[in-house]
Amino acid sequence: MKKRICLIHAGGTIGMVKGKNGYFPKEGYLETILDTIADLKTEIMPEIDFYEMSPLLDSSDMAVEDWNRIGEEVAKRYASYDGFVILHGTDTMAYTSSALSFMLENSNKPIILTGSQIPLCEIRSDGRDNLVTSILIAGSGMINEVCLYFGGRLLRGNRATKMSADGLLAFDSPNCPRLAEAGISIRYLPFAPQKSEDTEFSLCRLESVPIGVLKIFPGISFPIFDTLMTEKLKGIVLETFGAGNIPGEGHTLLPIIKKAFNAGSIVTVCSQCPQGTVTLGAYATSSPLVEAGAVSGYDMTTEAAVAKLYYLFSKGYSSEKIKELMEADLRGELTK
Ligand code: ASP
């Protein structure tokens, strides 16, 4: 029997047209284009139903409420389809794929986000292959998790990051092997599949709790951030140097982190390096972070760390539990 795939259009370049202020997503437009793509009508394709969300968004305009809208569209149809392909803008696609990997609890179906750098309405659009291959993968029965497909690469959703603002190989997952590569044929690579527990699928809606990301740079004046890092900021992702290092000069950051931690904020240490892991305590410049109460984000992307903080706070867990789970592998988002 043919697999049934639901194609959900959330917005992004793939379905944009040119207006007087630049590209924008036009309602009703993508469906007319899909009708002209012969590949979608071939025998090997699964059955495809199309659903367009409203409003369609440039993904730069998306926030937590939009992740909830997408999650709800998937949840409503979850039982009726074998898989989902979500058309989405590239700018924040890795945030959405990270968020969905946490929100769609106990999901064991392929949910693949894709889009394009060049709109389908333009020549040389990368949208056609991204769309057609994503649908083939979603219908293959080989994948059971939230993924991002782009430029021939199938990536774990919560490991993906946008690497290029204008290249067609725009995404990669530097800390996690690709799940598949599409060349002349689609080659599925050996990977540890998501633990599929025998519990029922459910959607966890996210709450828009205040989260901050602070990128450390040489010469940073920490006292300026003292007023920001209060109990009002629930989760903080510190993008540190290398393996989790911060400038020790005067140790002005540590009392601020300590204060935030004592007020119930969760400070998660990630690295500015796209590849490799945080190892707190490896250097004298990172040890004090542990004493101040920060947790290690190991090799998580900032996108995944932000999404995970939203998720854990939305679950209503205690600070202690959130601290513990930030350092645990929930959906393949980190390697310890
Ligand atoms: N600004 C667009 C978006 O993220 C870029 C894209 O889709 O490539 O929606």
>> Looking only at region 1-15, filter to residues that are aliphatic (A, V, I, L, M) and touching a residue at least 40 places away in the same chain (Cβ under 8 Å); which one of those is nearest to the ligand (Cβ to nearest atom)?
In response: Ile14
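Here is a yes/no grid of residues against (1) at pLDDT 90 or above; (2) surrounded by fewer than 13 Cβ atoms within 10 Å (Cβ to Cβ); (3) part of a strand (DSSP E or B):
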{"residue": "Ser208", "(1), (2), (3)": "yes, no, no"}
{"residue": "Val213", "(1), (2), (3)": "yes, no, yes"}
{"residue": "Ile224", "(1), (2), (3)": "no, yes, no"}
{"residue": "Thr227", "(1), (2), (3)": "no, yes, no"}
{"residue": "Ile236", "(1), (2), (3)": "yes, no, yes"}
{"residue": "Pro247", "(1), (2), (3)": "no, no, no"}
{"residue": "Ile256", "(1), (2), (3)": "no, no, no"}
{"residue": "Ala260", "(1), (2), (3)": "no, no, no"}
>> Go through region 91-124 and report how many residues are touching a helix residue (DSSP H, G or I) at 6+ places or on another chain (Cβ under 8 Å), of a type outside the set (A, V, I, L, M) and surrounded by fewer than 24 Cβ atoms within 10 Å (Cβ to Cβ).
In response: 7
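Return the residue satisfying two criteria in turn: it lies in region 19-32 and is more than 27 Å from the chain's Cα centre (by Cα) and either charged (D, E, K, R) or not in a strand (DSSP E or B) (or both), and of such residues it is farthest from the ligand (Cβ to nearest atom). Please lay out each step first, then the result.
First pass over region 19-32, keeping only residues more than 27 Å from the chain's Cα centre (by Cα): 19-21, 32.
Next, only the ones that are either charged (D, E, K, R) or not in a strand (DSSP E or B) (or both) stay: 20-21, 32.
Working: Lys20: 17, Asn21: 13, Thr32: 19 Å.
This residue is Thr32.
Please specify each residue of region 102-116 satisfying the condition of being within 14 Å of Ala10 (Cα to Cα) and part of a loop (DSSP other than H, G, I, E, B).
Across region 102-116, the qualifying residues are Gly115, Ser116.
List the helices (runs of 4 or more DSSP H) inside region 268-336, counting only whole elements, that have at least 1 residues being hydrophobic (A, V, I, L, M, F, W, C) and under 27 Å from Thr92 (Cα atoms).
On the way: elements: 287-291, 302-314, 319-326.
The helices (runs of 4 or more DSSP H) meeting that bar are 302-314, 319-326.
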> Checking Ala63 against (1) surrounded by 17 or more Cβ atoms within 10 Å (Cβ to Cβ); (2) more than 10 Å from the ligand (Cβ to nearest atom); (3) not basic (Lys, Arg), which test does it fail?
Replying inline: (1)
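On the basis of being under 26 Å from the mean Cα position of the chain (by Cα), surrounded by fewer than 18 Cβ atoms within 10 Å (Cβ to Cβ) and free of Cβ contacts under 8 Å to residues at least 40 places away in the same chain, does Glu43 make the cut?
Working: under 26 Å from the mean Cα position of the chain (by Cα): no; surrounded by fewer than 18 Cβ atoms within 10 Å (Cβ to Cβ): yes; free of Cβ contacts under 8 Å to residues at least 40 places away in the same chain: yes.
No.
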> Using beta carbons and a limit of 8 Å, which pairs, at least six apart or on different chains, have the first residue in region 307-336 and open to solvent by 50 Å² or more (accessible area, probe 1.4 Å) and the second one in a helix (DSSP H, G or I) and not charged (D, E, K, R)?
Replying inline: Tyr317/Leu325; Lys321/Leu312
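The values are calculated or read from the model by the stated rules, or taken from the named source; none is laboratory data. Please read these numbers as outputs of a predicted model, since none were measured by experiment. No Cβ is skipped: glycine too gets one built from the backbone with ideal geometry, and neighbour counts run over all protein chains shown. Calculation scope for accessible area: heavy atoms of the full protein, side chains included, ligands and nucleic acids excluded. Shrake-Rupley method; radii C 1.70, N 1.55, O 1.52, S 1.80 Å.
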